Amino acid sequence: MPTPETTAQGAARPPLTAPVIDCEPPALPLGHGEPARPPTCPAPSVRHRHTPRRLRLVEEPPERQLHAGAAQFADLALRRVLEVVDRRRPPAHLKALMSPLLLDAIVAAAKSSHGPTASLRRVGLRPAASPGAVEVFATYTRGARIRAVAGRIELRSGRWQLTALQLG
């Protein structure tokens, strides 16, 4: 009859448990009824006087400016997206604002959406790594819940276009 440590072929299996190593420090000897006191730290010694450091000015990297109209486009596009998801606006109103692949994803989200309508609260922008692109982040409310949106808009052929979007 095979034991738990051997298999049907007779080969030994490693045990499933291992003993726990004792990692407690050794007990300190107690005096005659006196509680043990922790060792005291040595008093700090003054070896060197404090020398003030000279601060050097660090030049900030040239900040990439947000393109004109990016904030207005982001606000308009996100409001329209939420209206399409809530079925208050037809999906055809988004054709000029985003790529067809992204539009299909929004239409799919609109089919599964139900409940109270969404209301856009705050929109923020920051420059993206590539020139002519801006990252968009926003919050919106749906009923009592606060949700988030993140996306990317790019300047293509002189017009802003929503190229990525994540609804939370």
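Throughout, read-outs are computed from the coordinates displayed, never taken from laboratory work. Predicted model, so just to flag it, every value in this text is computed and none were measured. In this analysis, Cβ positions are derived from the backbone assuming ideal geometry, glycine residues included, and neighbour counts consider all displayed protein chains.
Could you run the Karplus curve 6.51 cos²θ - 1.76 cosθ + 1.60 with θ = phi - 60° over the stretch 72-85 and give me ³J(HN,Hα) per residue in whole Hz, x for Gly and Pro?
5, 5, 4, 4, 4, 5, 5, 4, 5, 4, 5, 5, 5, 4
What residue among Ile153, Val81, Leu102 has its Cα farthest toward the positive end of the dipole of the stretch 70-167, where the charges are +1 on Lys, Arg and -1 on Asp, Glu, each on the Cβ?
The one lying farthest along the dipole's positive direction is Val81.
Quick one: in the stretch 70-167, what % of C-alpha pairs are over 23 Å apart?
Of all Cα-Cα pairs in the stretch 70-167, 19 percent lie more than 23 Å apart.
In sequence order, what are the phi-derived ³J(HN,Hα) couplings for the stretch 110-120 according to the Karplus relation 6.51 cos²θ - 1.76 cosθ + 1.60 with θ = phi - 60°, rounded to whole Hz, with x for glycine and proline?
5, 5, 8, 7, 7, x, x, 6, 8, 9, 5
Could you run the Karplus curve 6.51 cos²θ - 1.76 cosθ + 1.60 with θ = phi - 60° over the stretch 142-151 and give me ³J(HN,Hα) per residue in whole Hz, x for Gly and Pro?
9, x, 8, 8, 9, 10, 10, 10, 9, x
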